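Asks: One structure coming up, written as structure tokens, with questions to follow.
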Amino acid sequence: GSAGLSRSEPRARQGHGQEEEEEEGCYRLYPGHIPTSPLQKALLAAGSAVMALYDPYRHDMVAVLGETTGCLALPNLRDKMKHHPEGYRILQERPRIRLSTLDMSRLRGLPDGSLGREYVRFLEDNKVSPDTRMPPKFVDDEELAYVIQRYREVHDMMHTLLGMPTNMLGEVVVKWFEAVQTGLPMCVLGAAFGPIHLSARKLQVLATELVPWAIRSGRNASCILNVYYEQRWEQPVESLREEIGIFPPP
Amino acid sequence: AALCPCRAVLALRGGVLRALCGSVRGLAAGTQTHFGFQTVTEEERREKINQVFESVAKKYDVMNDSMTLGIHRVWKDILVHKMNPSPGTLLLDVAGGTGDIAFRFINYVRSARERQLQRKLRSHQNLSWQEISESYQEEQCKPLGDSQVVVCDINKEMLKVGKQKAQYLGYSEGLSWVLGNAEELPFDDDKFDVYTIAFGIRNVTRIDLALQEAYRVLKPGGRFLCLEFSHVSNPVISRLYDLYSFQVIPVLGEVIAGDWKSYQYLVESIRRFPPQEELKAMIEDAGFFKVDYRNLNLGIVAIHSGFKL
């Protein structure tokens, strides 16, 4: 009862109690933020890596792995964005790619071969939606949280520009490309371990054609986060590919 | 844990803000209570806990095994052994959700019943064939010897998981499932022989009311048993336990169940719960006699027991 409550409160305020309480109230840098200690991050990184391998349908684990291991790569990406006019604008305006902000009927009406049309075609063919991207939880910087959110939302654009479907093979190819582009450990791990679930035939195609192409394109292309996709729906995919530096898919 | 240099300043500001908010809230709606380390109204607390158990229900058993490395099974075994139910006992298992205590109870009385019948057979050496077949029939008809367990839980999802488990494991006789609130049980006075609440009383908002209800529904001579996380007095073990609780358990929650927050709540609620002596006093206040407790694993868990006389 209430007597128990008042007596247990001072106890809870000692040590961890104090820290936890202060963390809850003051350290939520953005909605959904869960502050974590370095030990927790390490455990999360290890646990999510194992779980993502064990159950490839746990997309949330891939997301958590990205957040907990991105402490070097994310600031890098953010700086690349800051030093580029278009990237800088994106950081200022913080656009979000969501079904509620996209005008699907207008995009569908665009000519074939344009970014908008192909993007919508990609979403419909693969039956995916931009709204299923997990919001970041464990990134301890509000701007970096946006950077990783942007990376996740731009992932579908990558599929469209690279012409890769959302099956396991397509995802691995996109991961290779992203690994070279962003340097995020999660992409590197995903690229290296993703093929575990593939058949031998697919592995061969992957190794001989797709991966070399993805790496070459990734190296050649400018930073994919520096493109304001929402302002380029009318641009033909071919022209955008050339502009960024992605080689035509095999 | 991570140390932030500006923590001291922010802590002070945060504390003052929180105190202000707390008093405004208190004026606005309902009595203040706690949800983990947050301060909320009683109504908010009930709702939050409802949400926690709705979301953890499916992975409840998996998480229990992972967090305690399977040791929770031993704790529950010890509880039922301490209960030592004889065939014919009527048990009410409150907050019994996924049925762990209920199934153990059924197993226990079933084997107790078998032993009972075997002893009867052995004591009558010169039985006729008719008498032997009658006793086999008795065993067939009443394998539990009229023992019954009622599982009562406030959360529909937990009960659902429990019923599925019962079906899967083959438990049907002597088992019933009731949706109900420990603070206001839907049962008559003086009904049950034993009342158990395992890892549930921590989530009750008004523990005093739950204890009063427990007293009410028990028969005179009935026994109250509570299995719950408690306080570790040994400072070394306590630090290790805290480290494990706060650093590892929420991570396990995120990785296995995709739910950090519920497991953060779990470890916080354990810290908020009254320690052994205090709970003992509360049980005595409700009218129970011969109230006693036994620490398991140095106080990580404790079993409290009391009798209605």
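Each value in this text was obtained by applying a stated rule to the coordinates, not by laboratory testing. Everything quoted here is computed from the prediction, not taken from an experiment. FYI the Cβ positions are ideal-geometry reconstructions off the backbone, even for glycines, and counts take in every protein chain you see.
Asks: Quick one: what Rg and Dmax do you get for segment B:159-229 from the alpha carbons, in Å?
Replies: Over segment B:159-229's Cα set, Rg and Dmax evaluate to 13.3, 36 Å.
Asks: Mind checking A:31-37 for the average number of partner chain beta-carbons within 10 Å of each residue's beta-carbon?
Replies: If you average over the peptide's residues, the count of other-chain Cβ atoms is 3.
Asks: Given labels modelled 7 Å from the Cα in the Cβ direction, how far is it in nm from B:GLU131 to B:LEU243?
Replies: The answer from the label model is 6.6 nm.
Asks: For a quick protection proxy, order the peptides B:81-92, A:103-114 by their average other-Cβ count within 10 Å, most packed first.
Replies: Result, highest mean Cβ count within 10 Å first: B:81-92, A:103-114.
Asks: Next up: So what is the relative contact order for chain B, in percent, with contacts set as C-alpha pairs under 8 Å and at least six apart?
Replies: That works out to 19 percent.
Asks: Residue-wise, which Karplus ³J(HN,Hα) couplings in Hz belong to segment A:122-127, taking 6.51 cos²θ - 1.76 cosθ + 1.60, θ = phi - 60°, and x for glycine or proline?
Replies: The phi angles translate into 4, 4, 6, 4, 9, 6 Hz.
Asks: About the Cα centre, and with charges only on the beta carbon of Lys, Arg (+1) and Asp, Glu (-1), how big is the dipole of the protein assembly as shown? Nearest 20 debye, please.
Replies: 700
Asks: Which far-off residues, 5 or more places away or on another chain, put their amide H under 5 Å from the one on B:THR41, with H placed in the peptide plane?
Replies: For B:THR41, whose amide H was placed from the backbone, the distant partners under 5 Å are B:THR33.
Asks: Within 10 Å of each residue's Cβ, count the other Cβ atoms and sort A:HIS59, B:HIS72 from fewest upward.
Replies: By the 10 Å Cβ count, ascending, the order reads A:HIS59, B:HIS72.
Asks: From the mean inverse distance of alpha carbon pairs (Kirkwood) and the Cα radius of gyration, derive Rg over Rh for chain A.
Replies: For chain A, the value is 1.05.
Asks: Right, another one. Sort chain B into rounded, prolate or oblate with this rule: let a ≥ b ≥ c be the square roots of the eigenvalues of the Cα gyration tensor; rounded if a/c is under 1.5, and if a/c is not under 1.5, prolate when a/b is larger than b/c, oblate otherwise.
Replies: prolate
Asks: Sticking with this one: Quick one: dipole size for segment A:115-181, taken about the Cα centre, charges +1 on Lys/Arg Cβ and -1 on Asp/Glu Cβ, in debye to the nearest 20.
Replies: 240
Asks: Starting from the Cα of B:LYS261, draw a straight line to each of the lysines and keep only those under 28 Å, dropping any in the same chain fewer than 8 residues away.
Replies: A:LYS41, A:LYS137, B:LYS48, B:LYS58, B:LYS59, B:LYS76, B:LYS156, B:LYS160, B:LYS163, B:LYS165
Asks: Then there's this: Projecting each Cα onto the charge dipole of the protein assembly as shown (Lys/Arg +1, Asp/Glu -1 at the beta carbon, about the Cα centre), which of A:LEU29, B:MET67, A:TYR88 comes out farthest on the positive side?
Replies: Result: B:MET67.
Asks: How well do other chains shield peptide B:31-44, expressed as the mean number of their Cβ atoms within 10 Å of each residue Cβ?
Replies: 2
Asks: For chain B, what is the percent of antiparallel DSSP beta bridges, rounded to the nearest 5?
Replies: For chain B, the DSSP antiparallel bridge percentage is about 45.
Asks: Below 8 Å between Cα atoms, with a sequence gap of 6+, how large is the relative contact order for chain A in percent?
Replies: 23
Asks: What Kirkwood hydrodynamic radius do you get for the protein assembly as shown when you take the inverse of the mean 1/r over all pairs of distinct Cα atoms, in Å?
Replies: For the protein assembly as shown, the Kirkwood estimate is 27.5 Å.
Asks: Here is a follow-up. By count of other Cβ within 10 Å, fewest leading, how are A:THR132, B:THR196, A:THR69 ordered?
Replies: In order of increasing Cβ crowding within 10 Å: A:THR132, A:THR69, B:THR196.
Asks: Can you put A:ARG98, A:ARG133 in order, fewest other beta carbons within 10 Å first?
Replies: By the 10 Å Cβ count, ascending: A:ARG98, A:ARG133.
Asks: Still on this model: For q values of 0.14 Å⁻¹, compute log₁₀ I(q)/I(0) with the Debye formula on a Cα-only model of segment A:122-176, without solvent.
Replies: The Debye formula, applied to the Cα set alone, gives -0.42.
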